[in-house]
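In what follows, a single structure is set out as structure tokens and then discussed.
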Amino acid sequence: MSRNLPTPASALSVSAHPDDTEFGCGATLARWASAGCVVHLAVCTDGSKGSWDPRTDVARLVVRRQAEQREAARRLGATGEVVFLGYTDGELEAHLGARALLASWIRRLRPAVVLGHDPWKRYRIHPDHRQAGLLVTEAIVAARDPHFFGEQNLPAHRPEHLLLFEADEPDHYEDAAGWAEAKIAALEAHESQFESTMGIDAADDGTQRAAFAQRIHRELAEAGEAAGLPEAEAFKLLSDL
């Protein structure tokens with residue numbers, strides 16, 4: 001088990017949907033950003049399935065979720081790029097074209113640390129999370145080796161570390177003490193997801209929002225217990241990429 005990488009000069013979180021980064025590593029990114037790390041976010045899908053209302057205007061939802069993601073990044077203190085790969089929500093596949101696209105962003109942004117979903121999480125039923133995890137691992141291999149996608153005319157880049165969130169068998173923990181509120185504030189930027197993801201409905205008098213905040217604190221405390229920390233975010237760490 002390891003704890004707390006040195007603050008990287010730059011980091012890129014690759015998520016399946018808007019809000020996945022905040023759930024998976026929001027406190028870590030907020031802490032790094034405050035210490036001078038340039039934080040970038042890449043979102044693989046357009047978030048167009050993110051509503052339980054069959055009458056939702058999907059095109060407007062896509063625009064709204066992009067705005068929410070940008071605001072969430074601002075609340076985390078992220079000063080880098082917010083990139084939308086634009087694949088249809090629920091239909092993401094780690095195909096060669098997607099690998100090339102994400103590899104090109106890794107080469108452009110040159111992050112020291114990449115973060116993403118663990119594609120090997122057991123019993124996962126959402127296909128986008130699994131595919132986004134596969135995509136980030138495959139894109140790192142492509143980005144580091146110069147003979148992959150040479151037509152991009154971009155220099156190869158090898159990140160120092162890959163942190164996989166949602167891992168069944170985490171072996172690395174990042175201290176989240178003092179950063180839960182930044183994580184919660186960033187999650188609350190995703191107002192379109194209040195009902196479906198956070199259990200907060202339009203008639204909430206503040207009770208449901210408080211319960212959601214308590215849930216986040218509880219999850220951070222449970223992760224921290226495994227590492228001897230008050231609160232933490234848990235990852236599978238891959239180095240020597």
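The values are calculated or read from the model by the stated rules, or taken from the named source; none is laboratory data. In this text the structure is predicted, and so the values were computed from the model without any measurement. Neighbour counts run over all protein chains shown; Cβ positions are idealised from the backbone, glycine included. Ligands, DNA and RNA are stripped out before the accessible areas are found, and what is left, the full protein with its side chains, is counted by its heavy atoms. Shrake-Rupley method; radii C 1.70, N 1.55, O 1.52, S 1.80 Å.
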Residue check for residue 70: open to solvent by 50 Å² or more (accessible area, probe 1.4 Å) and touching a residue at least 60 places away in the same chain (Cβ under 8 Å): no
Filter region 208-241 for residues that are in a helix (DSSP H, G or I) and in contact with a helix residue (DSSP H, G or I) (Cβ under 7 Å, 6 or more places away or on another chain); which is most open to solvent (accessible area, probe 1.4 Å)? 217
Scanning region 147-177 residue by residue, those farther than 14 Å from residue 100 by Cβ and either assigned to a strand (DSSP E or B) or without any contact (Cβ under 8 Å) to a residue 12 or more places away in the chain (or both) turn out to be 161, 162, 163, 164, 165, 172, 173, 174, 175
The conditions are (1) assigned to a loop (DSSP other than H, G, I, E, B); (2) out of contact with any Pro (no Cβ under 6 Å at 6 or more places or on another chain); (3) in contact (Cβ under 8 Å) with a residue 40 or more places away in the chain, and residue 142 fails exactly one of them. Which is it? (1)
Identity of the residue in region 187-207, open to solvent by 40 Å² or more (accessible area, probe 1.4 Å) and among the aliphatic types (A, V, I, L, M), that ends up farthest from the chain's Cα centre (by Cα): 203
Return the residues of region 1-50 that are surrounded by fewer than 20 Cβ atoms within 10 Å (Cβ to Cβ), free of Cβ contacts under 8 Å to residues at least 40 places away in the same chain and at negative phi; say none if nothing qualifies. 6, 7, 35
Qualifying position, being of a type in the set (S, T, N, Q), farther than 21 Å from residue 32 by Cα and free of Cβ contacts under 8 Å to residues at least 40 places away in the same chain, among 193, 208: 208
Kindly indicate whether residue 124 is modelled with pLDDT under 95 and either open to solvent by less than 50 Å² (accessible area, probe 1.4 Å) or under 22 Å from residue 213 (Cα atoms) (or both). yes
For residue 199, the lone unmet condition from (1) at pLDDT 95 or above; (2) under 29 Å from residue 62 (Cα atoms) is (1)
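Residue by residue, here is whether (1) more than 25 Å from residue 237 (Cβ to Cβ); (2) under 16 Å from the mean Cα position of the chain (by Cα) holds:
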| site | (1), (2) |
| --- | --- |
| 12 | no, yes |
| 15 | no, yes |
| 21 | no, yes |
| 47 | yes, yes |
| 54 | yes, no |
| 69 | yes, yes |
| 74 | yes, yes |
| 102 | no, yes |
Condition broken by residue 130, with the remaining ones in (1) touching a Pro at 6+ places or on another chain (Cβ under 7 Å); (2) touching a residue at least 60 places away in the same chain (Cβ under 8 Å) satisfied: (2)
Among the residues listed as 234, 210, the single one being closer than 16 Å to residue 23 by Cα, at pLDDT 95 or above and not β-branched (Val, Ile, Thr): 234
Kindly check whether there is at least one residue in region 99-110 that is more than 20 Å from residue 84 (Cβ to Cβ) and of a type outside the set (Phe, Trp, Tyr). no
